[in-house]
Amino acid sequence: LAKTTQPISMDSYEGQEVNITCSHNNIATNDYITWYQQFPSQGPRFIIQGYKTKVTNEVASLFIPADRKSSTLSLPRVSLSDTAVYYCLVVVDNDMRFGAGTRLTVKP
Amino acid sequence: DSGVTQTPKHLITATGQRVTLRCSPRSGDLSVYWYQQSLDQGLQFLIQYYNGEERAKGNILERFSAQQFPDLHSELNLSSLELGDSALYFCASSVGGANEKLFFGSGTQLSVL
């Protein structure tokens with residue numbers, strides 16, 4: 001079954017770049033890596049998805065090494081409003097379980 | 001707005017009771033997923049339906065059941081409620097497969113007193 005490991009929490013300051021790494025050792029060939037952001041009392045929101053190498057959109061970048069056993073979500077120049085819990089999700093054999101997520105706190 | 005609609009937004013009930021939570025997926029989405037999130041807890045996957053059929057099952061209790069109807073809306077039924085069932089229940093939808101983006105609703109806050 002899918003298992004992802006992320007740091008429980010991270011602190012940063014406004015304007016800094018934040019990198020959150022997720023380990024997913026049992027990822028399969030056809031599996032994608034997807035990251036979600038969740039604010040308190042709200043449903044998670046899709047941030048970015050990738051399969052290999054690098055993906056970039058208007059809010060984040062996703063770096064995936066060649067062995068695909070980990071991935072790094074990069075948030076450029078964070079602001080206070082980026083304080084949230086970030087989850088990486090790797091679906092293996094229809095296992096839709098999220099990991100514990102990383103609680104990011106951005107300080108002024 | 002994700003396009004996923006959950007009703008009701010809040011539900012207060014007593015132990016031993018039964019409730020039904022409703023979810024309407026985004027237009028065109030065939031898959032519906034249910035998650036439970038207790039206070040300060042992570043997202044617990046309960047169950048997934050695809051086009052009316054159960055596709056995957058997670059940590060769903062026997063007291064809980066779900067179904068997806070021909071119009072693709074879904075209902076989660078919780079019975080013999082216990083205090084520990086108090087949580088936010090989220091529904092998500094996707095076009096089809098599990099590797100696709102999930103779009104989450106705003107949740108139903110269930111309080112069991």
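Values for this structure:
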read-out	value
Candidates B:Glu62, B:Glu53, B:Glu100, B:Glu82, filtered to the one that is at pLDDT below 95 and either under 11 Å from the mean Cα position of the chain (by Cα) or surrounded by fewer than 20 Cβ atoms within 10 Å (Cβ to Cβ) (or both)	B:Glu100
A:Phe98 vs. criteria within 14 Å of chain B (Cβ to nearest Cβ) and among the aromatic types (Phe, Trp, Tyr)	yes
From A:Glu58, A:Glu17, residue being among the charged types (D, E, K, R), in contact with a Leu (Cβ under 9 Å, 6 or more places away or on another chain) and surrounded by fewer than 16 Cβ atoms within 10 Å (Cβ to Cβ)	A:Glu17
Criterion violated by A:Asn30 - all others in (1) within 24 Å of B:Ala92 (Cα to Cα); (2) crowded, with 21+ Cβ neighbours inside 10 Å satisfied	(2)
Residue match in the range A:82-91 (condition: over 22 Å from B:Ser106 (Cβ atoms) and more than 7 Å from chain B (Cβ to nearest Cβ))	yes
Evaluation of A:Leu89 against (1) surrounded by fewer than 16 Cβ atoms within 10 Å (Cβ to Cβ); (2) closer than 18 Å to B:Gln41 by Cβ; (3) aliphatic (A, V, I, L, M) (one fails), failing number	(1)
Test: residue in the range A:61-72 that is in contact (Cβ under 8 Å) with a residue 12 or more places away in the chain, more than 8 Å from every other protein chain (Cβ to nearest Cβ) and closer than 30 Å to B:Lys9 by Cβ	no
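The values are calculated or read from the model by the stated rules, or taken from the named source; none is laboratory data. Here the structure is a predicted model, which is why all the values come from computation and not from measurement. Methodologically, a virtual Cβ is constructed for each residue, glycine included, from the backbone with ideal geometry; neighbour enumeration extends over all protein chains shown.
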